[in-house]
């Protein structure tokens, strides 16, 4: 083939830039206005099952109609998500009969637990089994349940996943956390195995957060999708687990060491759990909000690209001694919801070949509930959904020279992202080991589990160290980003009119451009060979 001349090469580059320059433009003014409103005290933190959440849904669907998005659910924009709220009552107790005595861990101090199967009263006695990491992964040839039926038993396990070894440096993602290390997987696997209850052993190192996180979480109302769940699920402190195991004649550290070795078998402990769990339940109908920009191609319009962002935050929580009860969630995630509205406003003026779906999900903070509800009852066929591009906690500091695309490397979205970044004069931020399992902690993961190529279009918010390359005053900007960790999931995550939203607009524009790249491409994105999520689940 004849080599391209310099002039031809330059022409191609200019043509590429011109193509993206012709894309719909995300504007700052509507993005800022939506952000300021969604984060206002008037919306009371957009809590699940709270009035503020109802106001957020009403606002978003009204704006979708004004913008010109087509209704995605019949004649409307709301997709119902049936949720159950569950609160453990003080009359509850979990005790253990071991070594001829009764051990009664203190709720909140030594143990936290709740009910996820909608029963008002749960009463049972069951033997206790240690199941290592609680992983059953045929692809990894690893089964911590092998040789034992745990149906009707209480299973105790570690969080995270098996550590890499010199012989197997890449097992379970090497340094990166895999899906099998997430507590959600472990609770779900306990249901599949028929366990009566499941308790995770907490350490700050393995969980990546202190005991106060599960203690505070289980101290409030818990939410789950209506349906089958664990009769009892929760966490034990490491000290409580150590004492409990020692009373049964077992050494916790020795058992944990055995659980690191391939071929580990579950260990029946000489312990009987006695569970008396009283729960207050309420049924809630929450809503995802979805609008459509129909595709223009006669064939490709039957396929769709989803842009997603969760509208909820933690809501209004009365806390003794704290005068501010509203958890506004300005960055997390009024920013993503506002960006999606601004992107939709730009997109309706220039449809793509494939259909574009703008999706605001419910109850992400409660365990990706709205996104999971969508994939269980999809508006658009999963097999005809090309990708999900998710936005969560956007860059409020300023423009960058690079863009985070962690997770895109699992599919051909990485190459598409590189093409879009180059056309916008950006670099792809270097990938780093996913030590905290960030890929499994935002709404895009629900789509990945359903077989749809998906990732969270990142910014320095998720880098944890402000390491992205800011255009102006890099050290100062990076310090501001690092400083947000003090406000994450705190009442102080409030909108500031002084924020420089140019980086937020840049992030939204990149996401929209990437969506158009996918929506106008001849073929849908594909998973990389060997990727665990590479098959559509129906």
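The values are calculated or read from the model by the stated rules, or taken from the named source; none is laboratory data. Source: prediction; values computed, not measured. Note that we place each Cβ from the backbone using ideal geometry, even for glycine, and neighbour counts take in every protein chain shown.
For the stretch 396-414, name all the residues that are modelled with pLDDT of 95 or more, over 14 Å from residue 510 (Cβ atoms) and touching a strand residue (DSSP E or B) at 6+ places or on another chain (Cβ under 6 Å).
Within the stretch 396-414, just 411 meets the criteria.
I'm trying to understand the selection: among the residues of the stretch 479-499, which are more than 22 Å from the chain's Cα centre (by Cα), within 22 Å of residue 340 (Cα to Cα) and surrounded by 17 or more Cβ atoms within 10 Å (Cβ to Cβ)?
Scanning the stretch 479-499 gives 495, 499.
List the residue pairs whose Cβ atoms are under 6 Å apart, where the first residue sits in the stretch 370-384 and is within 11 Å of residue 449 (Cβ to Cβ), the second is in a helix (DSSP H, G or I) and modelled with pLDDT of 95 or more, and the two are 6 or more positions apart or on different chains.
Short answer, once both residue conditions are applied: 371/446; 372/446; 375/446.
Within the stretch 172-192, does at least one residue satisfy the condition of being at pLDDT below 90, closer than 24 Å to residue 148 by Cα, out of contact with any helix residue (DSSP H, G or I) (no Cβ under 6 Å at 6 or more places or on another chain) and not in a loop (DSSP other than H, G, I, E, B)?
yes
Could we say that residue 201 is within 20 Å of the chain's Cα centre (by Cα) and not in a loop (DSSP other than H, G, I, E, B) here? Talk me through it step by step, then tell me what you get.
Working: within 20 Å of the chain's Cα centre (by Cα): no; not in a loop (DSSP other than H, G, I, E, B): yes.
Against the criterion (within 20 Å of the chain's Cα centre (by Cα) and not in a loop (DSSP other than H, G, I, E, B)), residue 201 does not qualify.
Among the numbered criteria (1) out of contact with any helix residue (DSSP H, G or I) (no Cβ under 7 Å at 6 or more places or on another chain); (2) modelled with pLDDT under 95; (3) under 18 Å from residue 446 (Cα atoms), which single criterion is violated by residue 393?
(1)
Identify the residue in the stretch 266-276 that is surrounded by 15 or more Cβ atoms within 10 Å (Cβ to Cβ) and over 17 Å from residue 102 (Cβ atoms) and, among all such residues, is nearest to the chain's Cα centre (by Cα).
Result: 266.
Just the residues that are under 26 Å from the mean Cα position of the chain (by Cα), farther than 25 Å from residue 330 by Cβ and either buried (at least 20 other Cβ atoms within 10 Å of the Cβ) or without any contact (Cβ under 8 Å) to a residue 24 or more places away in the chain (or both), please, taken from the stretch 56-75.
Within the stretch 56-75, 72 is the sole residue that qualifies.
Does residue 147 satisfy the criteria of being surrounded by 17 or more Cβ atoms within 10 Å (Cβ to Cβ) and part of a loop (DSSP other than H, G, I, E, B)?
On the way: surrounded by 17 or more Cβ atoms within 10 Å (Cβ to Cβ): no; part of a loop (DSSP other than H, G, I, E, B): yes.
So residue 147 does not fit the description; no.
Take residue 195 and tell me if it is under 27 Å from residue 171 (Cβ atoms), more than 20 Å from the chain's Cα centre (by Cα), modelled with pLDDT of 95 or more and not in a helix (DSSP H, G or I).
Working: under 27 Å from residue 171 (Cβ atoms): yes; more than 20 Å from the chain's Cα centre (by Cα): yes; modelled with pLDDT of 95 or more: yes; not in a helix (DSSP H, G or I): yes.
Yes.
Tell me, yes or no, whether the stretch 488-501 has at least one residue that is in contact with a helix residue (DSSP H, G or I) (Cβ under 9 Å, 6 or more places away or on another chain) and assigned to a helix (DSSP H, G or I). Please lay out each step first, then the result.
The first filter runs over the stretch 488-501 and keeps only residues in contact with a helix residue (DSSP H, G or I) (Cβ under 9 Å, 6 or more places away or on another chain), leaving 488-489, 491-497, 499-501.
With the extra rule that they be assigned to a helix (DSSP H, G or I), the set shrinks to none.
There is no residue in the stretch 488-501 that is in contact with a helix residue (DSSP H, G or I) (Cβ under 9 Å, 6 or more places away or on another chain) and assigned to a helix (DSSP H, G or I).
Inside the stretch 156-170, can you point out the residues that are in contact (Cβ under 8 Å) with a residue 60 or more places away in the chain and either crowded, with 16+ Cβ neighbours inside 10 Å or part of a strand (DSSP E or B) (or both)?
156, 158, 162
Considering only the stretch 346-462, give the helices (runs of 4 or more DSSP H) lying wholly within it that have at least 3 residues that are under 12 Å from the mean Cα position of the chain (by Cα).
In the stretch 346-462, the matching helices (runs of 4 or more DSSP H) lie at 369-376, 444-449.
Specify the residue that is modelled with the lowest pLDDT; the eligible residues are those in the stretch 130-144 that are in a strand (DSSP E or B) and over 16 Å from residue 197 (Cβ atoms). Let's see the steps before the verdict.
The first filter runs over the stretch 130-144 and keeps only residues in a strand (DSSP E or B), leaving 130, 136-137, 142-143.
Adding the requirement that they be over 16 Å from residue 197 (Cβ atoms) leaves 136-137, 142-143.
Values: 136: 96, 137: 93, 142: 96, 143: 97.
Among those that are in a strand (DSSP E or B) and over 16 Å from residue 197 (Cβ atoms), it is 137.
If I filter the stretch 420-433 for residues that are buried (at least 24 other Cβ atoms within 10 Å of the Cβ) and in contact with a helix residue (DSSP H, G or I) (Cβ under 7 Å, 6 or more places away or on another chain), do I get at least one hit? Don't jump to the end; show me each part of the working.
Just the residues of the stretch 420-433 that are buried (at least 24 other Cβ atoms within 10 Å of the Cβ), to begin with: 420.
Applying the additional criterion that residues be in contact with a helix residue (DSSP H, G or I) (Cβ under 7 Å, 6 or more places away or on another chain) yields 420.
Yes: one or more hits.
For the subset of the stretch 217-241 comprising residues that are part of a helix (DSSP H, G or I) and in contact with a strand residue (DSSP E or B) (Cβ under 9 Å, 6 or more places away or on another chain), which member is farthest from residue 163 (Cα to Cα)?
First pass over the stretch 217-241, keeping only residues part of a helix (DSSP H, G or I): 217-219, 238-241.
This time we only want the ones that are in contact with a strand residue (DSSP E or B) (Cβ under 9 Å, 6 or more places away or on another chain), so: 217-219, 238, 240-241.
On the way: 217: 27, 218: 28, 219: 31, 238: 19, 240: 24, 241: 21 Å.
Only one residue fits best here, namely 219.
Tell me the residue from 144, 118, 136 that is at positive phi, touching a strand residue (DSSP E or B) at 6+ places or on another chain (Cβ under 8 Å) and in contact (Cβ under 8 Å) with a residue 24 or more places away in the chain, please.
118 is the lone residue from the list that is at positive phi, touching a strand residue (DSSP E or B) at 6+ places or on another chain (Cβ under 8 Å) and in contact (Cβ under 8 Å) with a residue 24 or more places away in the chain.
Out of (1) within 30 Å of the chain's Cα centre (by Cα); (2) modelled with pLDDT of 95 or more; (3) not in a strand (DSSP E or B), the odd one out for residue 105 is which?
For residue 105, the failing item is (1).
Scan the stretch 311-328 and report the pairs whose first residue is touching a residue at least 12 places away in the same chain (Cβ under 8 Å) and whose second residue is in a loop (DSSP other than H, G, I, E, B) and exposed (fewer than 10 other Cβ atoms within 10 Å of the Cβ), with Cβ atoms within less than 6 Å and a gap of 6+ or a chain change.
325/318
Residue by residue, here is whether (1) crowded, with 20+ Cβ neighbours inside 10 Å; (2) part of a strand (DSSP E or B) holds:
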| residue | (1), (2) |
| --- | --- |
| 96 | yes, yes |
| 109 | no, no |
| 112 | yes, yes |
| 116 | yes, no |
| 128 | yes, yes |
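Taking the residues in the stretch 21-44 that are surrounded by fewer than 17 Cβ atoms within 10 Å (Cβ to Cβ) and at pLDDT below 95 as candidates, determine which candidate is nearest to residue 418 (Cα to Cα). Outline the logic, then answer.
At the first step, the residues of the stretch 21-44 found to be surrounded by fewer than 17 Cβ atoms within 10 Å (Cβ to Cβ) are 21-22, 25, 27-29, 33, 36, 41-42.
Next, only the ones that are at pLDDT below 95 stay: 21-22.
Values: 21: 16, 22: 18 Å.
So the residue we want is 21.
Being over 21 Å from residue 386 (Cα atoms), surrounded by fewer than 24 Cβ atoms within 10 Å (Cβ to Cβ) and touching a helix residue (DSSP H, G or I) at 6+ places or on another chain (Cβ under 9 Å) is the filter here; which residues of the stretch 299-323 pass it?
Of everything in the stretch 299-323, those that are over 21 Å from residue 386 (Cα atoms), surrounded by fewer than 24 Cβ atoms within 10 Å (Cβ to Cβ) and touching a helix residue (DSSP H, G or I) at 6+ places or on another chain (Cβ under 9 Å) turn out to be 314, 316, 317.
Write out, first by first residue and then by second, each pair whose Cβ atoms fall under 6 Å of each other, whose residues are 6+ apart or on separate chains, and whose first residue, in the stretch 467-494, is closer than 30 Å to residue 319 by Cα while the second is surrounded by fewer than 18 Cβ atoms within 10 Å (Cβ to Cβ).
The qualifying pairs are 491/324; 493/487.
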